[in-house]
1. Would you mind computing, in nm to one decimal, how far apart the modelled labels at S12 and W172 are, each placed 7 Å from Cα along Cα→Cβ?
2. Go ahead and run the numbers for FRET between A81 and E139, Cβ-Cβ distance against an R0 of 41 Å, rounding to 0.05.
3. Which ³J(HN,Hα) values, rounded to whole Hz and listed in residue order, are derived for the range 162-168 from phi using the Karplus coefficients 6.51, -1.76 and 1.60 in 6.51 cos²θ - 1.76 cosθ + 1.60 with θ = phi - 60°, glycine and proline given as x?
4. Sticking with the crude label model, points 7 Å out along Cα→Cβ, report the distance from Y30 to V109 in nm, one decimal please.
5. Among the lysines, which fall within straight-line cross-link reach of K101, defined as a Cα-Cα distance under 20 Å, with same-chain neighbours fewer than 8 residues apart omitted?
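Nothing in this text is a laboratory measurement; each read-out follows from the coordinates by a stated rule. Nothing here was measured: the structure is a model prediction, and the numbers come from that model. Heads up, the Cβs are rebuilt from the backbone with ideal geometry, glycines too, and the neighbour counts pull from every protein chain shown.
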Amino acid sequence: MIKRLMGLIEKSIKKKFIVLIDEYDHPQQYAFEKGFPGGAEDVMKTFYAMLLKTNPHRMQAFCVGILPIAKSSILSGLNNANLVTTLSRQAAYRDSFGFTKDEVKKLCVGLEELDISPELQLVAGDQLKDRSSLMTNMELCFNGYVIGGGTTIFNPWSIARSISSKIIDRWWVDS
């Protein structure tokens, strides 16, 4: 069924396409959390094998999840997967996991100061009393992640939500 559907899509657009899968590991994690006997492993393993491994209609696939692919049995059938994580030292991908400091600076150009939520103010305490620098406050609140041994990136969800709502808050809590 999956191969047939993807074949129809390829025929319609007249080229192979890229499959994007966000939270590839969610069914397995959900089944584990809910205590389903046997989980979702067999079903998902078969589904992903048909979708990703034996499918002649896709050009590439991009899977995102929290479980490492190597440790996730649902993707164990894949061969020659290029695993890129936030710990990878592949320089080409270091700035691909979020906004770099320079990108955040550019996004903040022209913005007045942003309010800081009371909850975040409690956590950060006196560090946020000086609101003179929006970028400084962004760094204090979202201090970024060091990726691949050197590049600091910021969570794009938190930065985008802060800018659009005009308030710096703990956006990661609800994501």
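1. Result for the modelled spin labels: 3.9 nm.
2. 0.75
3. After applying 6.51 cos²θ - 1.76 cosθ + 1.60, I find 5, 5, 5, 9, 6, 9, 8 Hz.
4. 4.3
5. Once the sequence-local lysines are set aside, what remains near K101 is K166.
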